[in-house]
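**Q** Pasting a structure here, questions to come.
Bear in mind that the values in this text are calculations on the coordinates, not laboratory data. Keep in mind that this is a model prediction, so the values were computed, not measured. Here the Cβ is made from the backbone with ideal geometry for all residues, glycine too, and neighbour counts use every protein chain on show.
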Amino acid sequence: MTRPIATSPLGEPYSLARMKMLAVGLLMLAALVYVAATLLEPHHAAWGYVAAAAEAAMIGALADWFAVVALFRHPLGLAIPHTAIIPANKDRLGRRLAEFLDQHFLTRERVDEALGRWDMAGDLSRWLGDPVNSRRLARGICDATPDILATLDRQPVRTWLSGLAQRLLREVDLATLGGQAIEALTGQRHHQRWLDSLLDELAAWAARDGVQERLTEVLARELAQLRYVGLDQVAARLATRKLVAALTRTLEEVAADPEHEWRHRFDTWVERTAIRMQEDPQWQEQVAAWRDAWLDQPRWHAPVEAWWHDFVVRLRQDAEAADSKLLEHVLTLLQALGHQLEADDGLRQGLNRQVRTVLLSTLDRSRPTIVDFVSERVQAWDASEMSTVLESHIGRDLQFIRINGTVVGALVGLTLHAATEAWLR
């Protein structure tokens with residue numbers, strides 16, 4: 001955290017104000033010494049040396065005061081040419097600063113070299129390895145989730161999502177995809193297990209007395225109404241009873257026999273269906289027509305939007321709950337990520353390479369924007385405010401120029417006076 005700059009009653013930092021007072025004090029001291037030495041010079045020749053040193057000290061102090069002040073403002077408010085240098089050249093300085101950053105700090109080579117020394121994945125794994133950090137991050141994700149979900153649950157978002165789902169589904173080749181799914185199922189014999197479950201259910205359902213009675217009643221009534229069959233009600237019931245019993249036995253036989261003929265026929269039908277869905281243009285057109293007809297229903301969007309709304313509401317409720325399952329899932333995921341990164345050196349190196357590539361690519365795309373941003377920000381600053389800020393940061397060091405100018409001026413003045421006296425003698 002950066003400390004605020006302490007200011008004096010004049011609004012300047014204390015250290016800067018003290019340095020200014022010291023520089024001014026030395027100037028006033030040199031002036032007093034010059035006056036006293038000038039008055040005392042007739043009494044002793046040594047005072048001439050003191051007066052020369054004090055005179056040169058005042059000149060050096062005033063010259064350096066002018067130079068320092070001219071950087072930030074017009075000395076004494078006089079619009080002297082080539083003063084107030086920083087405010088007058090603010091925009092040009094901003095552009096030069098931006099170009100300097102671009103050419104010397106944001107070059108791909110320098111950034112790539114710095115990124116090559118950064119083990120980002122290792123730092124991440126160590127950070128996530130601390131339970132306090134991983135839980136804090138998981139908690140932060142869950143805390144941010146309700147606000148994010150609230151944004152995603154707005155009507156425009158729901159409408160956009162349903163439209164996106166509709167567009168994406170139109171681009172899906174359901175026939176080919178369905179054929180491939182069927183091939184995957186048949187390869188693992190899942191379709192036979194599903195057939196087993198279906199046959200077991202049908203056989204158990206058909207074996208019930210109540211079900212057989214109802215089927216017999218319905219079929220007998222239909223047979224009795226067919227004049228050309230010539231069966232009365234009793235004969236029709238007897239025939240249909242036998243038919244239902246035979247159907248039940250057949251279902252039980254197919255369910256019990258893995259090599260039953262019907263199963264082989266079912267295998268053949270499933271395999272042909274998978275091939276035709278992937279290769280037969282007519283089947284593919286028909287599936288596409290069914291898909292489009294389903295998507296073109298007037299009320300197609302409403303169920304999708306309702307489903308999304310229900311999903312978001314449930315997720316928000318869980319995220320806000322004290323015993324949030326989302327929190328535990330996110331925490332488990334983060335901890336697993338940390339352990340995996342720590343244990344897998346290849347994964348860490350791969351992640352570092354990916355991050356390095358992404359950052360360098362982002363830098364290449366963003367460099368002109370960064371340069372323009374720096375330049376524009378400097379141009380947007382108020383000139384006087386910028387001068388004040390710069391002076392508050394470097395003004396203390398600049399006051400040493402005034403102090404050094406006073407001291408050096410005194411030494412130079414003393415040396416020149418001594419040399420002059422020696423020459424004249």
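**Q** Looking only at the range 26-61, which residues have a backbone nitrogen under 15 Å from a spot 7 Å from the Cα of Val408 in the C-beta direction?
**A** The answer is 56-61.
**Q** For the pair Thr415 and Arg365, what calculated FRET efficiency results from E = 1/(1 + (r/R0)^6), where r is the Cβ-Cβ distance and R0 = 60 Å, to the nearest 0.05? The partial results should precede the final answer.
**A** Values: r = 60 Å, r/R0 = 1.00.
Result of the calculation: an efficiency of 0.50.
**Q** If we count other beta carbons within 10 Å of each Cβ, what is the order of Trp294, Trp283, fewest first?
**A** Lowest to highest Cβ neighbour count: Trp294, Trp283.
**Q** A further question follows. Residue separation times 0.36 nm, minus the C-alpha to C-alpha distance between Gln349 and Asp310: what's the value?
**A** Extending this stretch completely gives an extra 9.9 nm.
**Q** May I ask you to derive the FRET efficiency for Ala46 and Arg110 from their Cβ-Cβ distance with R0 = 60 Å, giving the value to the nearest 0.05?
**A** 0.50
**Q** Of Ile394, Leu347, Trp307, whose Cα points farthest to the positive end of the dipole of the range 296-425 (charges on the beta-carbon: +1 Lys, Arg; -1 Asp, Glu; origin at the Cα centre)?
**A** With unit charges placed on the Cβ atoms, the residue in question is Ile394.
**Q** Which ³J(HN,Hα) values, rounded to whole Hz and listed in residue order, are derived for the range 142-155 from phi using the Karplus coefficients 6.51, -1.76 and 1.60 in 6.51 cos²θ - 1.76 cosθ + 1.60 with θ = phi - 60°, glycine and proline given as x?
**A** 5, 5, 7, 4, x, 5, 5, 5, 4, 5, 6, 9, 6, 4
**Q** Would you please report the Å³ per residue occupied by the convex hull of the alpha carbon atoms in the range 292-362?
**A** Each residue corresponds to 196 Å³ of Cα convex hull volume.
**Q** In a shell of Cβ-Cβ distance under 12 Å around Gly48, excluding Gly48 itself, what net charge do Lys and Arg (+1) and Asp and Glu (-1) give?
**A** -3
**Q** Can you give the Rg/Rh ratio of the range 254-396, where Rg is from the C-alpha atoms and Rh is the Kirkwood radius?
**A** Computed over Cα atoms, the ratio is 1.27.
**Q** Next question. Measure out, as a whole number of angstrom, how far apart the alpha-carbon centroids of the range 312-383 and the range 107-133 sit.
**A** 12
**Q** Which of Met120, Leu101, Ala138 sits farthest toward the positive end of the charge dipole of the range 88-139, with +1 on the Cβ of Lys and Arg and -1 on the Cβ of Asp and Glu?
**A** Ala138
**Q** FRET efficiency for Gln282 and Thr250, Cβ-Cβ distance as r, R0 = 41 Å, nearest 0.05?
**A** For R0 = 41 Å, the calculated efficiency reads 0.80.
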